[in-house]
Amino acid sequence: MTVLIVFLPLLGALLAGLFGRFLGRIGSQVLTCGLLIASAVMSTLLLYKVGFGSGPFTVTLLDWIQVGTFNVCWALKVDTLTAVMLFTVTVISAVVHVYSIGYMHHDPSVPRFMAYLSLFTFFMLMLVTADNLVQMFFGWEGVGLSSYLLIGFWSDRPSASAAAIKAFVVNRVGDFGFLLGIAGIFLTFDSAHLDTIFAAAPRMADQSLRLFGLELPLLTTLCLLLFVGAMGKSAQIGLHVWLPDAMEGPTPVSALIHAATMVTAGVFMVARMSPLFELSQTALSVVAFVGATTALFAATVGCVQNDIKRVIAYSTCSQLGYMFFALGVGAYQAAIFHLMTHAFFKAMLFLGAGSVIHAMSDEQDMRRMGGIWKNIKVTYAVMWIGSLSLAGLPVFAGYYSKDLILEAAWGAHSAIGQYAFWMGAIAAVLTAFYSWRLLFLTFHGAPRADEKTMAHVHESPLVMLIPLLVLAVGAVFAGMAGYESFVGEGRAAFWKQAIAVVGDDPIAAAHHVDGFINILPVGLALFGIAVAFVLYMAQPEVPGRLAAAMPRLHALLLNKWYFDEAYDRVFVRPAFAVGRILWKVGDVGIIDRLGPDGVSSLAYLAARRIARLQSGYVYHYAFAMIIGLAVFVTFYVVGMEG
């Protein structure tokens, strides 16, 4: 069953990609959707079997790499962590596949698109089932490749091509750190096999590494290198700049990337490597600090964005920050719980935004929307459900996972835990604010679109609404259904040995925090909603006045803290300048001039001069013969005298 779960999406990708012309649009859609649904059903059964039944196991497929003593098998490691990820990825991917039937109806390249979606899913499944770091890196890079193909799917748009290249390049920066971490682990443990590494890790806890004349703690250095890779894939501050630009891809791509696949890879990797991270408090503190900072940073930017998809994109970035600071305080189970619940409501928000864009004739600017809720009531309802879950209000899935993360940070009783808690608390206010800003600007108020657009506002077809309703069920009930097993009293029996926790259990501490900490996140969310109502419903002229009164702050947030501009000035422009010098001076001025161009010029000049000797006049040839004869006679006479 495990083999089928992983390889059915690959089969769909190959068939749709290679035989799409024969299968046609409908055949490709039916094939890929059917295989993903089958994979999702089996993943659900597998989660129940592993989490509540027989426990972990490994399926060895074949010997992959054998070089001297280095041996890597292609194997599928299935424990509770893997099973949760398989369930999340396949269910969300199946829903996105079905939704794409309606959303991509008019696109001429449907088979190629469905093939890319399935290929993306396969690589993510390979990543989460990896038995060793080499196999994990294979899936890691495959996810990056697939994201490049999907973000730049509409390659006739320069903005989409630029966004795909940006995502690819930024992720290569993080992947370089990840690759160095893998290499360092292999040199340290003489193995890439995860269980072998984890068994030997405690013996290396006090070891140091000498690098560039510095004495560095070994495991801390390795964990930080791995975390650099996680920062790139999961869009943490500094390496987040690719994530908003990824909105240039079709909306189903945005939902798949931001909800269940690429951006969750970093969270999964840190949780998988928890036996190493637990041995380095410094590394965990860095993870928590970066995550908490990202949560606040992305939330501030999301408050002023006007593109409906970019608001949700920065929401993803912020929620990933929550997951990382949960990992940083040792609440791995809470991080994965939030990863799972977040996948449902975030995929629903993205697909709901796609439904809005579909209704508004491809309009994405919320300033040109408004007053459309009566025309698209189902989309309106699911967007409310997604926003309530994102804000963490009771009953909805986000309430159970997000609030527990804040409680775990508080219960850590450490300086970094306090920092994470307060950054997360402020981000909670901003999350509720920008979520309801999106709802009010998009659905309420006077219509701001032109009459032609408003006349065509209509609900999406059933093939797009059914996936939204499926996700709505998850956004409401996933938290209730999973709380006891993921982070409640039954968590030890559920997770078994899938996640390592050394010392105090922060989840246990989270269940015993003061009552004030329990109710604070909900109170902050309600406050954020109230502020959004006042600014965008009761007094809609106030936001403009605030922006005019604080132009620098508004410009800072609107321009995403100027990260792109800073990177352009520090990295992009100097790189282009160096490239131009190497091209004009090095390549053209030296290599071409002295190499191919120089040789060809000399040959041309020599040929021109030799050609002058071929005049066609007999007396010229006779003269040349006489001169030649004279030369030979002279050499002969001189030789005889010698």
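The values are calculated or read from the model by the stated rules, or taken from the named source; none is laboratory data. Everything numeric in this text was worked out from a predicted model, so none of it was measured. FYI the Cβ positions are ideal-geometry reconstructions off the backbone, even for glycines, and counts take in every protein chain you see. Ligands, DNA and RNA are stripped out before the accessible areas are found, and what is left, the full protein with its side chains, is counted by its heavy atoms. Shrake-Rupley method; radii C 1.70, N 1.55, O 1.52, S 1.80 Å.
Out of all the residues in region 208-218, is one or more surrounded by 23 or more Cβ atoms within 10 Å (Cβ to Cβ), farther than 30 Å from residue 97 by Cβ and of a type in the set (Gly, Ala, Ser)? Break it down stepwise before answering.
Keep residues of region 208-218 that are surrounded by 23 or more Cβ atoms within 10 Å (Cβ to Cβ), which gives none.
No, because not a single residue in region 208-218 is surrounded by 23 or more Cβ atoms within 10 Å (Cβ to Cβ), farther than 30 Å from residue 97 by Cβ and of a type in the set (Gly, Ala, Ser).
When you go through 577, 603 one by one, which is the residue that is farther than 26 Å from residue 169 by Cβ, out of contact with any His (no Cβ under 7 Å at 6 or more places or on another chain) and free of Cβ contacts under 8 Å to residues at least 24 places away in the same chain? Walk me through it before giving the result.
Details: 577 fails: farther than 26 Å from residue 169 by Cβ.
From the options 577, 603, the qualifying one is 603.
Specify the residue that is least open to solvent (accessible area, probe 1.4 Å); the eligible residues are those in region 359-392 that are in a loop (DSSP other than H, G, I, E, B) and closer than 20 Å to residue 317 by Cα.
Among those that are in a loop (DSSP other than H, G, I, E, B) and closer than 20 Å to residue 317 by Cα, it is 392.
Go through region 34-61 and count every residue that is at positive phi and assigned to a strand (DSSP E or B).
Qualifying residue count for the region: 0.
Looking for whichever is assigned to a helix (DSSP H, G or I) and touching a helix residue (DSSP H, G or I) at 6+ places or on another chain (Cβ under 7 Å) here; the options are 89, 30. Which one fits? Give the steps one after another, and end with the answer.
Details: 30 fails: touching a helix residue (DSSP H, G or I) at 6+ places or on another chain (Cβ under 7 Å).
Of the residues listed, the single one that is assigned to a helix (DSSP H, G or I) and touching a helix residue (DSSP H, G or I) at 6+ places or on another chain (Cβ under 7 Å) is 89.
Within the bounds of region 420-431, is there any residue that is of a type outside the set (A, V, I, L, M, F, W, C), in contact with a His (Cβ under 6 Å, 6 or more places away or on another chain) and in contact (Cβ under 8 Å) with a residue 24 or more places away in the chain?
Among the residues of region 420-431, not one is of a type outside the set (A, V, I, L, M, F, W, C), in contact with a His (Cβ under 6 Å, 6 or more places away or on another chain) and in contact (Cβ under 8 Å) with a residue 24 or more places away in the chain, which makes the answer no.
Filter the helices (runs of 4 or more DSSP H) completely within region 559-642 down to those with at least 3 residues that are open to solvent by 70 Å² or more (accessible area, probe 1.4 Å). Give the derivation first.
Values: elements: 563-567, 573-581, 596-613, 618-641.
Passing ranges, in order: 573-581, 596-613, 618-641.
Within region 515-543, which residues are farther than 23 Å from residue 423 by Cβ, in a helix (DSSP H, G or I), open to solvent by 50 Å² or more (accessible area, probe 1.4 Å) and without any contact (Cβ under 8 Å) to a residue 12 or more places away in the chain?
Passing the criteria: 534, 538.
Can you tell me which residues in region 317-358 are over 17 Å from the mean Cα position of the chain (by Cα), open to solvent by less than 10 Å² (accessible area, probe 1.4 Å) and more than 22 Å from residue 434 (Cα to Cα)?
Hits for region 317-358 are 326, 327, 328, 330, 331, 332, 334, 337.
Inspect region 222-230 for any residue being among the hydrophobic types (A, V, I, L, M, F, W, C), farther than 23 Å from residue 405 by Cα, at pLDDT 90 or above and not in a loop (DSSP other than H, G, I, E, B) and give the result as yes or no.
Yes - at least one qualifying residue is present in region 222-230.
What residue, among those in region 148-173 that are more than 14 Å from the chain's Cα centre (by Cα) and aliphatic (A, V, I, L, M), is nearest to residue 109 (Cα to Cα)?
Step one: list which residues in region 148-173 are more than 14 Å from the chain's Cα centre (by Cα), which gives 152-162.
Now narrow it down to the ones that are aliphatic (A, V, I, L, M): 160, 162.
Details: 160: 16, 162: 20 Å.
Top of the filtered list is 160.
Where in region 399-486 are there helices (runs of 4 or more DSSP H), lying fully within it, with 1 or more residues that are out of contact with any Lys or Arg (no Cβ under 8 Å at 6 or more places or on another chain) and closer than 22 Å to residue 544 by Cα?
Details: elements: 415-443, 451-455, 462-486.
Hits in region 399-486: 415-443.
Can you find a residue in region 291-310 that is free of Cβ contacts under 8 Å to residues at least 60 places away in the same chain, within 26 Å of residue 136 (Cβ to Cβ), open to solvent by less than 10 Å² (accessible area, probe 1.4 Å) and within 16 Å of the chain's Cα centre (by Cα)?
Within region 291-310, one or more residues are free of Cβ contacts under 8 Å to residues at least 60 places away in the same chain, within 26 Å of residue 136 (Cβ to Cβ), open to solvent by less than 10 Å² (accessible area, probe 1.4 Å) and within 16 Å of the chain's Cα centre (by Cα).
Where residues in region 148-182 are among the aromatic types (Phe, Trp, Tyr) and not in a loop (DSSP other than H, G, I, E, B), which of them is farthest from residue 261 (Cα to Cα)? Before the answer, list the steps.
First pass over region 148-182, keeping only residues among the aromatic types (Phe, Trp, Tyr): 148, 153-154, 168, 176, 178.
The next check asks that each one be not in a loop (DSSP other than H, G, I, E, B); those that pass are 148, 168, 176, 178.
Details: 148: 13, 168: 15, 176: 20, 178: 18 Å.
Per the stated criteria, the residue is 176.
Just give me the residues in region 535-591 being modelled with pLDDT under 90 and among the polar types (S, T, N, Q), in sequence order.
none
Regarding region 541-563, can at least one residue be identified that is in contact with a Leu (Cβ under 6 Å, 6 or more places away or on another chain) and closer than 30 Å to residue 242 by Cα? Before you say what the answer is, go through the steps one by one.
Let us first name the residues in region 541-563 that are in contact with a Leu (Cβ under 6 Å, 6 or more places away or on another chain), namely 542-543.
From what's left, closer than 30 Å to residue 242 by Cα: 543.
Yes, some residue in region 541-563 is in contact with a Leu (Cβ under 6 Å, 6 or more places away or on another chain) and closer than 30 Å to residue 242 by Cα.
Can you tell me which residues in region 66-104 are β-branched (Val, Ile, Thr) and either farther than 12 Å from residue 128 by Cα or surrounded by fewer than 20 Cβ atoms within 10 Å (Cβ to Cβ) (or both)? Break it down into steps so the answer makes sense when it comes.
First, pick out the residues of region 66-104 that are β-branched (Val, Ile, Thr): 67, 69, 72, 78, 80, 82, 84, 88-92, 95-96, 98, 101.
Within region 66-104, 67, 69, 72, 91, 92, 95, 96, 98, 101 meet the criteria.
Tell me whether region 186-201 contains one or more residues that are outside any helix (DSSP H, G or I), of a type in the set (Phe, Trp, Tyr) and either without any contact (Cβ under 8 Å) to a residue 60 or more places away in the chain or surrounded by 15 or more Cβ atoms within 10 Å (Cβ to Cβ) (or both). So that I can check it myself, show each step before the final result.
Quick first cut of region 186-201, residues outside any helix (DSSP H, G or I) only: 190-193.
With of a type in the set (Phe, Trp, Tyr) added as a condition, the list becomes none.
Checked region 186-201: no residue is outside any helix (DSSP H, G or I), of a type in the set (Phe, Trp, Tyr) and either without any contact (Cβ under 8 Å) to a residue 60 or more places away in the chain or surrounded by 15 or more Cβ atoms within 10 Å (Cβ to Cβ) (or both).
Looking at (1) touching a strand residue (DSSP E or B) at 6+ places or on another chain (Cβ under 6 Å); (2) at pLDDT below 90, which one does residue 59 not meet, given that it meets all the others?
It is condition (2) that residue 59 fails.
Return the pairs, sorted by first residue and then second, in which the second residue is at pLDDT 90 or above and loosely packed, with under 10 Cβ neighbours inside 10 Å, the first residue lies in region 545-556 and is assigned to a helix (DSSP H, G or I), the beta carbons are less than 9 Å apart, and the residues are 6+ apart or on different chains.
The qualifying pairs are 554/548.
Those residues that are over 23 Å from residue 345 (Cβ atoms) and open to solvent by less than 50 Å² (accessible area, probe 1.4 Å), I need them from region 479-494; list them, please.
The initial filter retains those residues of region 479-494 that are over 23 Å from residue 345 (Cβ atoms), namely 489-490, 492-493.
Result: 490, single match.
Which one is farthest from residue 173 (Cα to Cα) among residues in region 232-254 that are aliphatic (A, V, I, L, M) and in contact with a Ser or Thr (Cβ under 9 Å, 6 or more places away or on another chain)? Full working, then the answer.
Going through region 232-254, the residues aliphatic (A, V, I, L, M) turn out to be 235, 237, 239, 241, 243, 246-247, 253.
Restricting the remaining residues to those that are in contact with a Ser or Thr (Cβ under 9 Å, 6 or more places away or on another chain) gives 235, 237, 243, 246-247, 253.
On the way: 235: 12, 237: 13, 243: 14, 246: 17, 247: 21, 253: 22 Å.
For region 232-254, the residue satisfying everything is 253.
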